[in-house]
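Each remark here refers to the structure printed beneath this line.
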Amino acid sequence: KHFKPKKKFRRLPLTIESSKPYIYANLIFDDGKKAEMNLMVDTGASHPLLLDNNLEDITLPLKTLSTVIGRGLGGDIMGELGRINNVSFSTYEFDDPIVSFPIEGQYSKSMKKGSRNGTIGGEILTRFNPIFDYNRGILYLTKSKEYYKKFEHDMSGLDLQMTGSKLDVVEVIGVREDSPAKLAGVEVGDIITNMNGADTKNVKFSDITSTLRYRPKKNVHIKVMRNDTIHKISFKLQRMI
């Protein structure tokens with residue numbers, strides 16, 4: 001109750017429903033359709049936005065990517081990834097954000113009970129230094145150093161996970177068809193031991209995934225262990241959405 005926000009903070013109305021925080025955001029889809037959405041603020045989610053594509057106000061983008069959009073205790077969550085034109089709230093707005101659209105039947109698994117239209121996740125929240133004032137119903141926002149970062153998705157086609165007793169082994173658990181990694185010869189079950197000259201055991205997993213969505217045409221050089229043999233593989237990143 002003693003908190004006094006500095007002038008640089010923007011105030012955004014925050015409502016609490018069933019112990020969950022919500023904000024309103026304005027969305028513009030790629031067909032020009034506009035909608036105001038009541039979105040749950042999900043600080044534990046990695047996506048920018050996740051929307052229920054069964055809602056009347058939502059139009060799927062013309063170009064989407066069918067993929068695993070999330071993983072949880074209930075297993076993989078399948079859906080479509082695509083870009084909309086714009087999302088805005090308060091005085092902040094972002095162009096071309098990537099949106100997750102869970103397929104029918106998977107929506108209830110990907111959304112926490114009580115959600116309205118969808119969720120706003122970490123890929124947007126990390127662009128701010130947020131302060132949650134649940135008591136007064138206010139979300140205070142200032143821009144972080146991530147604010148102007150573009151929204152990008154994996155450009156390699158690789159689906160990776162950390163395994164091993166110390167969770168320091170990078171395993172390929174999926175390779176998207178017709179992707180740069182697939183065409184270069186990466187296979188499911190490969191263990192990536194080196195990426196662009198760095199031993200993967202000495203690199204954060206987040207840095208590995210960031211490398212794979214850095215920019216189109218970037219060269220990626222990896223070494224993989226397959227059947228006790230090291231293979232050197234190179235490919236160029238390619239934006240797929």
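From the C-alpha coordinates alone, can you work out the Kirkwood hydrodynamic radius of the stretch 195-241, in Å? Let's see the in-between values first.
Details: mean 1/r = 0.0857 Å⁻¹.
About 11.7 Å, per the Kirkwood formula over Cα pairs.
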Under unit Cβ charges (Lys, Arg +1; Asp, Glu -1), what dipole magnitude, rounded to 20 debye, does the stretch 118-241 have relative to its Cα centre?
-> 620
Once the mean of 1/r over all distinct C-alpha pairs in the chain is inverted, the Kirkwood radius in Å reads 19.5
With each pseudo-label sitting 7 Å past Cα toward Cβ, what's the Lys33-Lys149 distance in nm, one decimal?
-> 3.1
Please label the shape of the stretch 1-102 as rounded, prolate or oblate, based on the square roots a ≥ b ≥ c of the eigenvalues of the alpha-carbon gyration tensor (a/c under 1.5 means rounded; beyond that, a/b larger than b/c means prolate, else oblate).
-> oblate
For the stretch 1-55 and the stretch 164-186, compute the distance between their C-alpha centroids and round to whole Å.
-> 34
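Pop the C-beta distance of Lys201 and Asn129 into the FRET formula with R0 = 25 Å and round what comes out to the nearest 0.05. Could the numbers behind the result be given before it?
On the way: r = 32 Å, r/R0 = 1.29.
In this case the efficiency is close to 0.20.
If you filter the stretch 146-216 for GluC sites (Glu not before Pro), then keep DSSP loop positions with at most 11 other Cβ within 10 Å, what is left? Walk me through the numbers before you get to the answer.
Values: sites: Glu146, Glu152, Glu171, Glu177, Glu187; in loops: Glu146, Glu152, Glu177, Glu187.
Passing both the DSSP loop test and the Cβ count: Glu177.
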Mean projected area, convex hull of alpha-carbon positions in the stretch 132-234, reported to one decimal in nm², is 9.5
Take the chain, connect every pair of alpha-carbon atoms lying under 10 Å apart with a spring to form a Gaussian network, then pick out the residue of Ser66, Ser206, Ser88 with the largest mean-square fluctuation.
-> Ser206
Once the Cβ-Cβ distance between Thr43 and Lys232 is put in as r, and R0 is 35 Å, what FRET efficiency do you end up with, to the nearest 0.05?
-> 0.30
Rounded to the nearest 500, what is the chain's calculated 222 nm mean residue ellipticity when only DSSP H runs of at least 4 contribute -39500 (n - 2.57) each, over all residues?
-> -1500 deg cm²/dmol
Starting from the Cα of Arg215, step 7 Å toward the Cβ, then list every residue of the stretch 139-161 with an amide N under 13 Å from that point.
-> 150
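Give me the dipole magnitude in Debye, nearest 20, for the stretch 1-160 about the Cα centre, with unit charges on the beta carbon: positive for Lys and Arg, negative for Asp and Glu. Please list the in-between numbers first.
Values: 23 positive and 20 negative charges, 253 e Å.
Charge dipole of the stretch 1-160: 1220 debye, to the nearest 20.
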Looking at the stretch 33-93, which trypsin sites (Lys or Arg not before Pro) are in a loop (DSSP not H, G, I, E or B) and have at most 16 other Cβ atoms within 10 Å?
-> Lys33, Lys63
Among Tyr147, Leu160, Phe235, the residue whose Cα sits farthest towards the positive end of the charge dipole of the chain (+1 at Cβ of Lys and Arg, -1 at Cβ of Asp and Glu, taken about the Cα centre) is Tyr147
Positive end of the charge dipole of the stretch 1-61 (Lys, Arg +1 and Asp, Glu -1 on Cβ, about the Cα centre): tell me which of Pro48, Tyr24, Leu14 has its Cα farthest that way.
-> Leu14
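Only the coordinates and a few stated rules stand behind these numbers; no lab work does. Note that the structure is a prediction, hence the values are computed from the model and not measured. Quick reminder, even Gly has a Cβ in these numbers, built from the backbone with ideal geometry, and neighbours come from all protein chains shown.
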